[in-house]
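The next block holds one structure in the form of structure tokens; read it before the comments.
Where a number appears in this text, it was derived from the coordinates with a stated rule and is not lab data. In this text the structure is predicted, and so the values were computed from the model without any measurement. Here the Cβ is made from the backbone with ideal geometry for all residues, glycine too, and neighbour counts use every protein chain on show.
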Amino acid sequence: FRLVLTGNDDGSLRMWVLDSGQHSITMGHTNTVSAIATAWTGHSVDDSTGRDLIFTCGFDGDILTWEISFQPKKADSTDDTIRILPVGRTKAHRAEILCCVYFPPDVSLAKYPNGLLVTAGNDMTIKKWQVSDRHELELAG
């Protein structure tokens, strides 16, 4: 499946599935969503052990972690079902988060086996976050 994700001034994350035209709006932030990063592990298609994650960052200083839920179409349906499920919220910065980037595990597999998220905020800090199976991100050393 092919997705387009957008963050909006109302704090919502919007998803469009290009193949089916499916559109959904998920509320999460209390202010503008300023950055989105994706961590595609292939769980939805090939690997049942991984997780396909979306990280949204906002002017509220929070990082929200979402998981993509993919359910193949059933006999009585014409399209696959794709949903965004909330899995965690981390208070990351004292001011607006301006950008974020996800680095997959192959950047440093021994140190960050599930990948690394880096954020920069209007509080003049850059932070590294260890992506793990926990609901909240852990500040990486």
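Take the Cβ-Cβ distance between SER69 and PHE103 as r, set R0 to 22 Å, and report the resulting FRET efficiency rounded to the nearest 0.05. Could the numbers behind the result be given before it?
On the way: r = 24 Å, r/R0 = 1.09.
Once rounded, the FRET efficiency stands at 0.35.
What nm distance separates the two modelled labels at ALA110 and SER132, each placed 7 Å from Cα along Cα→Cβ?
Distance between label points: 1.9 nm.
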